[in-house]
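A short write-up of the structure that comes next.
Throughout, read-outs are computed from the coordinates displayed, never taken from laboratory work. Remember, it's a predicted structure, so these values are computed and weren't measured experimentally. Cβ placement follows ideal geometry from the backbone for every residue including glycine, while neighbour counts extend to all protein chains displayed.
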Amino acid sequence: MKIIAEQNSNTHVIARLKDFKKIYLNMLSSKWKTFLATIGLGFTACTSTLTLQNLIAQESKPSAADAGETAQSKISAASNWAHWRGPRMDGHAYQANLPEDWSTKGENVIWHKEEYASRGTPVVMNGKMYLTCRSFPESTKEGEKTVCFDPITGELIWESIHNVFLSDAPAERVSWNSPIADPETNRIYALGISGVFQCLDGDTGEVVWDHSMMEEYGMISPYGGRTNFATVFEDLVIVSAVMTGWGESAVPAHRYVAFDKSTGMAAWMFSTRPKPEDTTYSTPVFTVFNGQAAMVFGAGDGGLYALQPRTGKLIWKYQASPRGINTTPLVDENGIVYCGHAEQNESDRTILGALFAVDGKMTGEIPEAELVWKIPKMTVSRCAPVKNGNQLYVVDDGGRFFSIDATTGKEIESKKLGRSMFGSILFGDDKLYIAENSGLVYILKPTADGIEQLSKVRVNEGEFFGSPIAYASRIYLPTNTGLFCVGDKDAEPSYVEMPPAPVETPVAKDQAIAHIQLAPVELMLRPKQKVTMQVRGYNKIGQFVKLVDGADVKIDGPGLFVDGVYVAPQVDEATAVMITATSNGMTSTARARIIPDLPLNANFNDSKVPLPWIGAAYRHKPAEFEGEKVLVKISTIPKGTRSQAWIASPDLHDYTVQADFYATDKRADMTTDRLPDMGLVAQRYTLDLKGSQELQIRSWTPRLENRFAKTMKFDWKAKTWYTMKFQSETVGEAATLRGKVWLRGEAEPADWQIEATDAVGNLQGSPGLFGNSGDAEFYIDNVTVSKN
């Protein structure tokens, strides 16, 4: 983890300046006050040096309406394709001179770059294009990368590469996501398949801050490989996944974490219904309902949600299905939300799939009877709808195009386009661009009673999993074998004015604090580390009002809280702390894990799963076995029998982890033992004592042959205690891993039994536990981690 941790020393100064700034701004003309109240006075606790003068200068600039919006500002707004669904997150390209055909011989293919092959969708910021890709595919160096290149020439500008580790996703599914661009800070945010969440400088690719979401929050990296897309709202960058964390978040749920985009500190967390059936890939979109800013998304629990994006508080929810929603919703100018799925319907589980419309101006639980309309049996689980006038366009999972009356939900026209659909529709220059998965590309023109086909071509190079986007009057189409740039290279880039964005109610109309937020909300600290915390006050529609002075702050656990600063205690074992702020009957709680320096020890004599361990509780239970207090890796959670747990900071390296293991067995017949897999994690590698009578070191399970692994035969048996020892060592860019296993109580072998060096090493990572109890449960005792 790399974040700006002790960054908050000037936070109070910044907040005071902002409070003082508001007083100063009250002296400005009423026109400025109206404008400033309209945009709100939210803030970011950042590390840069801010003065009163530049704070005032930043927020007292005239609006575009007052100063006269320039042609260049219109172009900039339309050309920054910061979100994969476009500048307004609605699939619209506000551009002209877009191509009307993709010729069968490829005459208007300006360039095609195999090195930018991706399942994701590119974004554009300040004249640069960004995309996530596989790095060094089909080699021992294979990993994941974010690339930056010139969209006009395709020339690479920079690339940021990192390893894939501890993931079940196959290599061909790497890069099934999209970065998010933030023109305000000129930064890129990208979430990798192993949970590496990075804030990158848009010009250089330098890592500004990062989080290991897997090791810090328990993000699951499943076989499917698709990764949720981050989104930016004001001073926050919001990311989600199914996570199995610690404490009250130990039970898996689809969770959203909002980080301060400048510092990487967590501002709020939101959990959907626990134990979801699916991971999910619906990207949040932002809008305004009844003057209230809202973030709308589909979740892994089958619900469609609207939250206040600054606070994470629920506005409304519609339970569409018992299974996950993957489709990114569309919100129109009237506040109607359109979305779909291909799973069972919550209202009738005998029916699969639905396309539906929800009035976003509602609140609370939205019942089935209150939907605007619903079309059952329409399986739309991937393609995000797009709207033109009163026609809604969507392609179902089977490749059938539908034109729908957006008011009534009645079908206007349908047309079979191909076999399957993974991407979404792009609308621009009065044309629809659709890339069907198997390689068919259509350009369609809307008509009053449906569509007219302008172009159809089969692209025999790869499959389309991402979506087309537009930049400089060109179309960019990603495939899993390359990226296409299509159009007239001599065409003049042309942009059209975007419609006005929905406007929030001015914060000046409601200065009453209805919600407080203690931030940062989630911390991982070392002993004696300090962090400045704030109690932020928001009105009932989630707008920041002011910092709350005089809140009563109490600590459940060790440490000190003095003048807004929490000081972590000196501890010898991992410790959990809850910090609660109370003001006028409102409360907000932040959580901290205090992780001491090595060595670490856990023997479970208190009959508890260590509270600060990530991904351990729920999948492990305290038990008493043969007079010893131990942990048991349980087999009664179907989706949790194969799991990983992390017990310390992800920035550790060069250490040794050790534990005792005892396997039970299940007999399928009288001659065959069914044994579990059980082992240790060190520096993002696994030492696995496999039930198949093997001992294995690996990092990325689906890439044992091509990436890195070493396996040896190793005879062992159930109902016997073994001690396992696993060591990681870094030398330059390489990592050497060593393991040994012996009967507990006997002398430790002098030599390592298995050893391997990864030339493209994982240079840091949290120690932890691995296990698969699907075939049989096993017990764990005496876990230690020590420096080499």
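Note that the range 271-358, at 10 °C in a medium of 1.306 mPa s, gets a Stokes-Einstein diffusion coefficient of 123 µm²/s from its Kirkwood radius over C-alpha pairs.
Tell me the trypsin sites (Lys or Arg not before Pro) within the range 399-470 that lie in a loop according to DSSP and have at most 16 other beta-carbon atoms within 10 Å. Before the final figure, lay out the partial values.
Numbers: sites: Arg400, Lys410, Lys415, Lys416, Arg419, Lys431, Lys456, Arg458; in loops: Lys410, Arg419.
Those that pass, being in a loop and sparsely packed, are Lys410, Arg419.
Legend: translational diffusion of the range 602-703 by Stokes-Einstein, Rh = Kirkwood radius over C-alpha pairs, 37 °C, 0.692 mPa s; D = 214 µm²/s.
Given a Förster distance of 41 Å, report the FRET efficiency between Val562 and Leu704 from their Cβ-Cβ distance, rounded to the nearest 0.05. Show your work: numbers first, answer last.
Numbers: r = 52 Å, r/R0 = 1.27.
After rounding, the FRET efficiency stands at 0.20.
Provide the gained length on full extension for the span Thr408 to Ile351, in nm with one decimal, where the gain is 0.36 nm per separating residue minus the Cα-Cα distance.
On the way: separation 57, 0.36 × 57 = 20.52 nm, distance 2.09 nm.
Full extension from Thr408 to Ile351 adds 18.4 nm.
Gain in length, Asp201 to Arg744, computed as 0.36 nm per residue apart minus the alpha-carbon separation, to one decimal in nm?
Numbers: separation 543, 0.36 × 543 = 195.48 nm, distance 5.03 nm.
Here the answer is 190.4 nm.
Only four residue types carry charge here, +1 at the Cβ of Lys and Arg and -1 at the Cβ of Asp and Glu. Report the dipole size of the range 706-788 about the Cα centre in Debye, rounded to the nearest 20.
Values: 10 positive and 11 negative charges, 15 e Å.
Here the size comes out at about 80 debye.
Rounded to the nearest Hz, the phi-derived 3J(HN,Hα) couplings of the range 194-206 under the Karplus curve 6.51 cos²θ - 1.76 cosθ + 1.60 (θ = phi - 60°) are 9, x, 6, 10, 10, 9, 10, 5, x, 8, 10, x, 5, where x marks glycine and proline.
Remark: the range 208-217, residue by residue, has Karplus-estimated 3J(HN,Hα) of 7, 7, 8, 9, 9, 5, 5, 7, 8, 10 Hz, where x stands for each Gly or Pro and the curve is 6.51 cos²θ - 1.76 cosθ + 1.60 at θ = phi - 60°.
Between the residues Met678, Pro558, Pro650, the greatest Cα displacement towards the positive end of the dipole of the range 551-685, with unit charges on the Cβ of Lys, Arg, Asp and Glu, is found for Met678.
Think of each Lys and Arg Cβ as +1 and each Asp and Glu Cβ as -1; about the Cα centre, that makes the dipole of the chain roughly 960 debye.
Is there a pair in Lys387/Lys415; Lys666/Lys717; Lys261/Lys540; Lys141/Lys713 whose C-alpha atoms are over 21 Å apart, and which pairs would that be?
On the way: Lys387/Lys415 17 Å; Lys666/Lys717 12 Å; Lys261/Lys540 24 Å; Lys141/Lys713 26 Å.
Check vs 21 Å cut-off fails for Lys261/Lys540; Lys141/Lys713.
With q set to 0.09, 0.11 Å⁻¹, the log10 of I(q)/I(0) for the chain, from the Debye formula over equal scatterers at the Cα positions, is -0.89, -1.29.
Evaluate the Kirkwood expression for the hydrodynamic radius of the range 508-629, namely the inverse of the mean inverse distance over all pairs of different C-alpha atoms, and round to one decimal in Å.
On the way: mean 1/r = 0.0608 Å⁻¹.
After inverting the pairwise mean of 1/r, the radius is 16.4 Å.
Evaluating 6.51 cos²θ - 1.76 cosθ + 1.60 at θ = phi - 60° for every residue in the range 519-533, the Karplus couplings come out as 9, x, 8, 9, 9, 10, 10, 9, x, 6, 6, 10, 9, 7, 10 Hz, glycine and proline recorded as x. On the beta carbon distance between Glu626 and Asn460, with R0 = 60 Å, the FRET formula returns roughly 0.40. Which GluC sites (Glu not before Pro) in the range 190-233 pass both tests, a DSSP loop state and at most 15 other beta-carbon atoms within 10 Å? Answer in residue order: Glu206.
Model label sites at Ala501 and Val251, defined 7 Å from Cα along the beta-carbon direction, differ in position by 3.7 nm.
Tell me which GluC sites (Glu not before Pro) from the range 410-498 have a DSSP coil assignment and no more than 11 other beta carbons within 10 Å of their own. Counting only loop positions with at most 11 other Cβ atoms within 10 Å, the GluC sites (Glu not before Pro) in the range 410-498 are Glu497.
Taking 0.36 nm per residue of separation and subtracting the Cα-Cα distance, full extension of the segment from Thr140 to Ser420 would add 97.5 nm.
Any idea what diffusion coefficient the range 381-493 gets from Stokes-Einstein, in µm²/s, Kirkwood Rh on alpha carbon pairs, 20 °C, 1.002 mPa s? Could you put the intermediate results ahead of the total?
Working: Rh = 14.3 Å.
The diffusion coefficient I find is 150 µm²/s.
Label-to-label distance, Lys717 versus Lys540, with points set 7 angstrom from Cα along the beta-carbon direction: 7.2 nm.
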